[in-house]
Amino acid sequence: MIHDRGSKKWTALMLPEHIEMLKALQIEYNYKEKPILDEQQVEENAIKLQLAIHDNLTIEVKYYKMHDYHKVKGKLLSVALNDCIVFDNEERTRVKFSDIMDVLVV
């Protein structure tokens with residue numbers, strides 16, 4: 001096995017700008033792509049949302065925001081202007097319809 005110092009020996013040659021660019025590149029490398037849903041999945045999500053708001057059910061929504069996947073769980077407070085749903089939690093989480101990936105009725 002080779003016992004070298006790895007990346008330590010190169011740090012003296014790196015400028016702060018290089019380090020910033022490498023960090024930005026690493027962050028960008030970890031971005032996730034927004035999936036494209038077919039019409040059946042979108043329709044199924046819409047039906048589950050209608051059922052949840054009509055029967056006051058708790059749901060869990062998986063959605064895409066800021067290059068990552070997020071989940072929010074709770075009851076729906078309202079549907080705002082046919083553009084997003086609002087959850088009845090401390091943060092009053094808003095999720096756009098176009099960002100919803102999956103809806104689970106809990």
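Along the Cα→Cβ direction, 7 angstrom out, place labels at residue 102 and residue 28. What is the inter-label distance in nm?
3.0 nm
Between residue 90 and residue 42, how many nm apart are label points set 7 Å from Cα along the C-beta direction?
Distance between the two pseudo-spin positions: 3.5 nm.
Put +1 on the Cβ of every Lys and Arg and -1 on every Asp and Glu Cβ in the chain; which of 21, 69, 101 then has its Cα farthest towards the positive end of the dipole?
Looking along the dipole axis, the top candidate is 21.
Can you give me the Cα centroid spacing of the stretch 26-48 and the stretch 62-100 in angstrom?
That distance is 13 Å.
Report, in degrees rounded to the nearest 10, the 0 to 90 angle that the Cα long axis of helix 16-29 makes with the longest principal axis of the chain.
The angle comes out near 40 degrees.
What per residue convex hull volume, in Å³, do the alpha-carbon atoms of the stretch 39-105 yield?
Spread over its residues, the Cα hull of the stretch 39-105 gives 81 Å³ apiece.
Rank 51, 37, 13 by mean-square fluctuation in a GNM of the chain with C-alpha springs under 10 angstrom and give only the top-ranked residue.
The residue with the greatest mean-square fluctuation here is 13.
Round to the nearest 10 and give me the degree value, 0 to 90, for the angle of helix 39-55's Cα axis relative to the longest principal axis of the chain.
Here the helix axis deviates by roughly 60 degrees.
Each value in this text was obtained by applying a stated rule to the coordinates, not by laboratory testing. Note that this is a predicted model, so its numbers are computed, not measured. Quick reminder, even Gly has a Cβ in these numbers, built from the backbone with ideal geometry, and neighbours come from all protein chains shown.
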